[in-house]
Amino acid sequence: MYGFLWRKLPGSAPLRALQCLLLFLAAVFVLFQFVFPRLEPLLPFGDVTVGGNGTGSGTGSTAPPSPGPSASTLNGAHRLPVAELSQNHGVVV
Amino acid sequence: MGRLVARTLVELCITVGALIVLLTCYLLYWTNIAADQAMAGELSRLQQQWNQSRVTAAPTPAPSASIGAAPSPTPSAFAYPPDQAFAVLSIPRFGRDWKKPIIEGTGVGDLQKGIGHYAGTAEPGQVGNFALAGHRRTWGNPFNDFPLLRPGDRIYIDDGRFWYVYRLDRTPLRTLPTDIGVLDPVPPESGYTQPGSYLTLTTCDPAWGHSHRLIEWGRLVSVTPVSAGEPQGLSG
């Protein structure tokens, strides 16, 4: 397939080499910008939280990572009601 | 014909190899570059926001009252806006200049631009458990040195109004990812028995794996207004 590409590109050899380089850079850009960021949550390096449905999943799994406000990793049971949070007992210094 | 198949196969192998090398470059270098940039951006945005609010909402300073009023950082009338930095974390054990923004939330995007605050856990200084999560590897490796944390280490949090200082009480605990009890207001395994203002840090273990989590707990030891300067041990 690379041979085919080389034959299809127009121009002299150095010009073709330059076009190959540009194509390669374009491929790298697409990979870094779009492909790898979507692939990365499937790798285990992002699992740093406790609570089961972590931010990513190395086991190749289940819930799609939902970035944004809803992506809390806490279970509902552990989410404190606002009223409880707002009980400020002052600071133990 | 056989030649064409063989050549195509070889080119395919080369392509896959190149993709793996590129993915490694992405994980080892690019995520760190992107994260460092994002964190620096969050820090400066936060600083700007604080400077503005100090200019606009700096009425007559009441120095004597401000210390007495210090322990009421009016929490949770409204929660922190999600996915935004609201405080700065400093951990001298990780380096003199180690300073990261704390982002509300622990989603994928949150952890890529700072240390994530588990939504729903306490705010800094509050009674309860102020729980944070950070990447150990990739995306800036913020919690790379997590196993080096020791009892007595101090964790500094600046939310623009107060400096909160927490003191760690143990060496890191290794536990399972499902162990959400570590985020309880009084975590069962922490050794704490009374309600108090606690801090929890979580990251993954082993460094490149996801089978376990490392947990650290600390307790609040002091709160000082930002106007009083950096707390001891951080500036010195």
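Counting pairwise Cα distances across segment B:118-180, what percent come out greater than 14 angstrom? Provide the component values of the computation, followed by the final result.
Numbers: 1367 of 1953 pairs.
Roughly 70 percent, rounded to a whole number.
Mind listing P(r) for chain B? All alpha-carbon pairs, 10 Å bins, whole percents.
Each 10 Å bin holds this share of Cα pairs: 7, 29, 33, 16, 7, 4, 3, 1, 0.
What is the average number of partner chain Cβ atoms found within 10 Å of a Cβ in B:137-149?
On the way: counts 4, 4, 4, 0, 1, 1, 1, 0, 0, 1, 0, 0, 0.
That works out to 1 on average.
Bin by bin, in steps of 5 Å, what percent of the Cα pairs in segment B:185-235 do you find, going until the bin that has the longest distance?
For segment B:185-235, the pair-distance distribution reads 5, 15, 18, 14, 15, 16, 11, 5, 1.
Taking chain B as the reference, fit the longest principal axis to its C-alpha atoms, fit the long axis of helix B:2-25 to the helix C-alpha atoms, and give the angle between the two in degrees, 0 to 90, nearest 10.
10
Between B:Trp139, B:Trp208, B:Trp50, which gets the highest mean-square fluctuation from a Gaussian network model of chain B, Cα cutoff 10 Å?
Greatest mean-square fluctuation among the candidates belongs to B:Trp208.
Once the other residues with Cβ under 11 Å from the Cβ of B:Asp110 are scored (Lys, Arg +1; Asp, Glu -1), what is the net sum?
On the way: positive: B:Lys113; negative: B:Glu42, B:Asp83, B:Glu104.
Combined, the nearby Lys, Arg, Asp and Glu give -2.
Near B:Lys113, which lysines are there with a Cα under 20 Å away, not counting those fewer than 8 places off in the same chain?
B:Lys99, B:Lys100
What residue among B:Cys13, B:Gln232, B:Leu28 has its Cα farthest toward the positive end of the dipole of chain B, where the charges are +1 on Lys, Arg and -1 on Asp, Glu, each on the Cβ?
So the residue furthest toward the plus end is B:Cys13.
If Lys and Arg each add +1 and Asp and Glu each add -1, what is the summed charge of the other residues whose beta carbon sits under 9 Å from the beta carbon of B:Ala79?
Details: positive: none; negative: B:Glu104, B:Glu123.
Net local charge, B:Ala79 excluded: -2.
How high is the FRET efficiency between A:Arg16 and B:Leu19 when r is their beta carbon distance and R₀ equals 25 Å, given to the nearest 0.05? Working shown, then result.
Details: r = 23 Å, r/R0 = 0.91.
Rounded to the nearest 0.05, the efficiency is 0.65.
In whole Hz and in residue order, list the ³J(HN,Hα) couplings for segment A:31-46 that follow from phi through the Karplus curve 6.51 cos²θ - 1.76 cosθ + 1.60, θ = phi - 60°; x for Gly and Pro.
Result, ordered by residue: 5, 5, 8, 10, 7, 5, x, 7, 7, 4, x, 7, 8, x, 6, x Hz.
Using the Karplus curve 6.51 cos²θ - 1.76 cosθ + 1.60 with θ = phi - 60°, work out ³J(HN,Hα) for each residue of segment B:210-221 in order, rounded to whole Hz, and write x for Gly and Pro.
9, 6, 9, 10, 9, 10, 10, 10, x, 10, 5, 10
Read-outs throughout are calculated quantities, based only on the coordinates presented, and are distinct from any laboratory measurement. No experiment lies behind these values; they were computed from the predicted model shown. Heads up, the Cβs are rebuilt from the backbone with ideal geometry, glycines too, and the neighbour counts pull from every protein chain shown.
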